[in-house]
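Accompanying notes for the structure given below.
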Ligand code: IVH
């Protein structure tokens, strides 16, 4: 194929794919099968790999939409040009001295250290070509990352175009996506109102945000980027890492100014001591200092171990801790009836905020800790911005203190609590009569990610106390007169509320499915089920067997769904919501992967492939198959790469299950070739497993 032919085909494919994306995501009315869509995308990726100069950051291969979620993962996976490694770390200054001494034995001339903060976010690798941002990959497993370019474009301090001169024609620069504390607090407040689980810390929030399917939502989350590493292979023109970062800053890239070039280990120690306290004033999280031997030539000589460079070490700060007293323990009832013990604490200042409460998670953890009212407890915040009680100071226990008794009845309605098998929490089963649960469900129903009707807790209280609203369908029967009879309500407020309810009748089916609050069915599961089944009716008829077959749906979620649709009260309520005009189906159902060449087959993936194993498993799903981890007589074949598990091979021989090679597999599904970009060195897969990383 000539370059001109490729230009034409690439442009046609991009147009076609974008048009299909629009039909699928915007109009909810796909016109091609998922299979055909995947093939177009695959072809485009092949062409871009063959003609890298025609690849562009805004190509649809860099921002595959959410339809691929349940089939091939949300994002295109790509191999890192250089593996994204971890850092050796220590909490001990003497080990930093040992690090310097070891390096000194290999480098015989004097050397300097580049000292930097250790930023606590989600790793990112950006590629710039001819001064323009080309792509952004997450760390993934260190060898292969997710292409999150579309999401990165919404982070305001990442330049799309570089300024100044002297930047390499093609280079990677790595760093961290951070969520500043204020953005984190805002996000968690919103999540609480929406009934979503809050993020445990800014790092989780940053990496969760990077993986969102809606780039506009990512852009609204207030993420920032800081960059700290250019692989030395990409910058042969620089002598030192510190100077390369200075240059990167001059090209407009976000590089922290809180770096220091140190001439001796004494200066390094001063830097560490200074930042141990100063970092608390920074608006984003850091968890240590990174000390790097500065000369790139020295770095090359020192090289790498299997998982980290020998030219750098991370000194980690100890998590901040405080001692405070337990004033009382509350038992909170959530909208699903789950009862959570919460300790009220004597307010104590810790890492920038006042800590007053801490969850004790569940009865078992509370007992294991042997926590009592009046106890002095250690509270830690470290990376976990939500404070955690890490232990009880038994030596300070007051005589006569009592073991707290976990309630046996609901603190709100008095119904005996139940605990289902394998569940950590106790539940109040009185979902129909328990006021706290009812109000929680009503609030959840209207929340932003569900029906998106602006309404606070106080309004719910008013509507509930008056007896106007008991179940979601009651909202759609509220009259203007009823609203105006509530204390403090004026015309404008009533109109706005009614208008907002009217608008909610148009809210898409996936959101309605989330809004009705089936236990264990969060936003992502609801979206996946809506797309898969297309309508409430189809979903309500699904058998347990059908439900557990779905990836990401375990027994517990399946049982919850199955029972929900067989509960006569829920069925009546669903009918009322349907009559109120809510969306109970997607406009057009996306064809499922059921008609793919692997449909009906159960496949075990084992060994090392030219793609990552996860990617191979994704291919199995996208072509209609099902993954399984164990070989049995139900196994259709083993997709065997290099060095497949010996136990699996033995079992396959015993049962007469066929082994299919990677090449045969591609033939089977009609895929022309191996990975879209780089070939992964099979060795790497075993070198850098996720467990080695300390993130
Ligand atoms: S240098 C070859 N510098 O910490 C290793 N990493 O715990 C290049 N990190 O994987 C990494 N701040 O994601 C480097 N100033 C900094 C850093 C930093 C945070 C992260 C990075 C690394 C992890 C190791």
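The values are calculated or read from the model by the stated rules, or taken from the named source; none is laboratory data. Bear in mind the structure is a predicted one, so any value in this text is a computation, not a measurement. Cβ: placed from backbone, ideal geometry, glycine included. Neighbour counts: every protein chain shown.
Pairs under 6 Å by beta carbon, first residue touching a residue at least 12 places away in the same chain (Cβ under 8 Å) and under 21 Å from residue 98 (Cα atoms) in the range 279-297, partner away from the ligand (no atom under 13 Å from the Cβ) and in a strand (DSSP E or B), six or more apart or different chains?
Listed pairs, sorted by first residue: 294/240; 295/240.
Which members of the range 386-415 meet the condition of being touching a strand residue (DSSP E or B) at 6+ places or on another chain (Cβ under 7 Å) and without any contact (Cβ under 8 Å) to a residue 40 or more places away in the chain?
Matches in the range 386-415: 387, 388, 391, 392, 396, 408, 409, 415.
Output the number of residues of the range 182-204 satisfying the condition of being within 16 Å of the ligand (Cβ to nearest atom), part of a helix (DSSP H, G or I) and farther than 25 Å from residue 245 by Cβ.
So the answer is 1.
Would you tally the residues in the range 159-185 being under 19 Å from residue 219 (Cβ atoms), surrounded by 19 or more Cβ atoms within 10 Å (Cβ to Cβ) and either free of Cβ contacts under 8 Å to residues at least 24 places away in the same chain or touching a strand residue (DSSP E or B) at 6+ places or on another chain (Cβ under 6 Å) (or both)?
4
Can you pull out the residues in the range 498-522 that are outside any loop (DSSP other than H, G, I, E, B), crowded, with 17+ Cβ neighbours inside 10 Å, touching a residue at least 40 places away in the same chain (Cβ under 8 Å) and out of contact with any strand residue (DSSP E or B) (no Cβ under 6 Å at 6 or more places or on another chain)?
501, 504, 510, 511, 512, 514, 515
Quick check on residue 261: is it within 32 Å of the chain's Cα centre (by Cα), within 16 Å of the ligand (Cβ to nearest atom), at pLDDT 95 or above and within 26 Å of residue 164 (Cβ to Cβ)?
no
Do we have residue 114 as out of contact with any strand residue (DSSP E or B) (no Cβ under 9 Å at 6 or more places or on another chain) and closer than 27 Å to residue 258 by Cα here?
No.
Somewhere in the range 236-249, is a residue under 27 Å from residue 168 (Cα atoms), surrounded by fewer than 19 Cβ atoms within 10 Å (Cβ to Cβ), in contact (Cβ under 8 Å) with a residue 12 or more places away in the chain and in contact with a strand residue (DSSP E or B) (Cβ under 8 Å, 6 or more places away or on another chain)?
The answer is yes, given that some residue of the range 236-249 is under 27 Å from residue 168 (Cα atoms), surrounded by fewer than 19 Cβ atoms within 10 Å (Cβ to Cβ), in contact (Cβ under 8 Å) with a residue 12 or more places away in the chain and in contact with a strand residue (DSSP E or B) (Cβ under 8 Å, 6 or more places away or on another chain).
For residue 99, only one of the following conditions fails: (1) closer than 30 Å to residue 251 by Cα; (2) modelled with pLDDT of 90 or more; (3) crowded, with 17+ Cβ neighbours inside 10 Å. What is its number?
Status for residue 99: all satisfied but (1).
Let me confirm something: among 125, 156, 135, which residue is away from the ligand (no atom under 16 Å from the Cβ), buried (at least 18 other Cβ atoms within 10 Å of the Cβ) and under 22 Å from the mean Cα position of the chain (by Cα)?
135
Is there a residue being surrounded by 22 or more Cβ atoms within 10 Å (Cβ to Cβ), within 14 Å of the ligand (Cβ to nearest atom) and within 17 Å of residue 87 (Cα to Cα) anywhere in the range 270-287?
Looking through the range 270-287, at least one residue is surrounded by 22 or more Cβ atoms within 10 Å (Cβ to Cβ), within 14 Å of the ligand (Cβ to nearest atom) and within 17 Å of residue 87 (Cα to Cα).
Here is a list of conditions, (1) more than 24 Å from the chain's Cα centre (by Cα); (2) away from the ligand (no atom under 16 Å from the Cβ); (3) at pLDDT 95 or above, and residue 171 meets all of them except one; can you say which number that is?
That leaves (2) as the condition not met.
Before we move on, is residue 431 out of contact with any strand residue (DSSP E or B) (no Cβ under 6 Å at 6 or more places or on another chain) and outside any helix (DSSP H, G or I)?
Taking the combined requirement at face value, the residue satisfies it.
I'm told residue 307 meets every condition in (1) at pLDDT below 95; (2) buried (at least 20 other Cβ atoms within 10 Å of the Cβ); (3) closer than 30 Å to residue 95 by Cβ except one. Can you identify the failing condition by its number?
If we test residue 307 against (1) at pLDDT below 95; (2) buried (at least 20 other Cβ atoms within 10 Å of the Cβ); (3) closer than 30 Å to residue 95 by Cβ, just (2) comes out false.
Would you pick out the residues in the range 443-458 that are at pLDDT 90 or above, in contact with a helix residue (DSSP H, G or I) (Cβ under 8 Å, 6 or more places away or on another chain), within 18 Å of residue 496 (Cα to Cα) and in a helix (DSSP H, G or I)?
Across the range 443-458, the qualifying residues are 443, 445, 446.
Residue by residue through the range 288-309, note down the ones that are within 11 Å of the ligand (Cβ to nearest atom) and touching a strand residue (DSSP E or B) at 6+ places or on another chain (Cβ under 7 Å).
288, 289, 290, 291, 292, 299
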